[in-house]
Amino acid sequence: MKYAMDARADGTFFETEPFTQRVGPLAGDHHEAAADEVVYVLEGAARVTVGGETHGVREGVSVFVSRGTPWSADGDARAVSVLIHDPEPSTGHAVLDLNDVESGTATAGRAFLLGATPEVGCASVTQFVGLVPPGRAPDHFHTYDEVIYVLEGEGFLEIDGEQAPLHAGSCVHLPAKLVHCLANTGDSELRLLGVFRPAGSPAEAYYPDGTLAVLPTDKEN
């Protein structure tokens, strides 16, 4: 399936018009002159220096750096990086520990943790970690363009009756309005890292007929 894949030898997953998603060591000098960058630390630890400030980062920490801002890192951390091409105007940077944030609620009993968003200066995208319990969500679509990296667990992506297996390290690209279903086939939580554009709420979804998907709390009221 063209919408799901594992990393190439150079660590790159998807290169689309809005995004380039890749995984690899965080250490080194970084400077994206034409793209914003959002990073999520997968493992290890590092010290990130950006905008004259130094931050210690570890697994579960998100970093946003606006285009044209040089930054560097040293340490043994590995991370997922998403470059946002032709971004909305923004300046500065943000470092956020997703281990310390409260979760929101999405469809089918799913939850999410917000990382880089417009509220912290990242005008173009929303970055989040999705927490998916065992089971299958109804078919649905989003109005945003999204790339996903599977952090933990196993499952499958289904589009038009075709299924692709998912596991830690799998990547998915979901163009806007593509009807799909993502299922957790394991016995424990499936954790996903998502970045989508335009920015908004990960909870916003629509059924194939265009009606707004109902949150679990909506059904109770």
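The values are calculated or read from the model by the stated rules, or taken from the named source; none is laboratory data. Here the structure is a predicted model, which is why all the values come from computation and not from measurement. No Cβ is skipped: glycine too gets one built from the backbone with ideal geometry, and neighbour counts run over all protein chains shown.
When the range 197-217 is limited to residues that are in a loop (DSSP other than H, G, I, E, B) and among the aliphatic types (A, V, I, L, M), the one that is surrounded by the fewest Cβ atoms within 10 Å (Cβ to Cβ) turns out to be 214.
Considering the range 24-111, the qualifying strands (runs of 3 or more DSSP E), each wholly inside and each with 2 or more residues that are within 15 Å of the chain's Cα centre (by Cα) and over 20 Å from residue 13 (Cβ atoms), run over 93-97.
Every residue, every condition in (1) assigned by TED's automatic domain parsing to the domain that holds residue 115; (2) outside any strand (DSSP E or B); (3) under 14 Å from residue 130 (Cα atoms); (4) in contact (Cβ under 8 Å) with a residue 12 or more places away in the chain, yes or no:
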| position | (1), (2), (3), (4) |
| --- | --- |
| 156 | yes, no, no, yes |
| 166 | yes, no, no, yes |
| 169 | yes, yes, no, yes |
| 182 | yes, no, yes, yes |
| 187 | yes, yes, no, yes |
| 195 | yes, no, yes, yes |
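Could you list, in sequence order, the residues of the range 131-157 that are surrounded by 18 or more Cβ atoms within 10 Å (Cβ to Cβ) and among the acidic types (Asp, Glu)? Result: 145, 146. Selection of the range 33-60 for residues being within 26 Å of residue 147 (Cα to Cα), surrounded by fewer than 23 Cβ atoms within 10 Å (Cβ to Cβ) and of a type in the set (Asp, Glu) yields 43, 59.
What about residue 123, is it assigned to a loop (DSSP other than H, G, I, E, B) and either among the hydroxyl-bearing types (Ser, Thr, Tyr) or closer than 20 Å to residue 80 by Cβ (or both)? Against the criterion (assigned to a loop (DSSP other than H, G, I, E, B) and either among the hydroxyl-bearing types (Ser, Thr, Tyr) or closer than 20 Å to residue 80 by Cβ (or both)), residue 123 does not qualify. Considering the range 98-135, the residues that are among the polar types (S, T, N, Q) and without any contact (Cβ under 8 Å) to a residue 60 or more places away in the chain include one that is nearest to residue 214 (Cα to Cα), namely 103.
Of all residues in the range 83-127, those satisfying the criterion of being within 19 Å of residue 188 (Cα to Cα) and β-branched (Val, Ile, Thr) are 105, 107.
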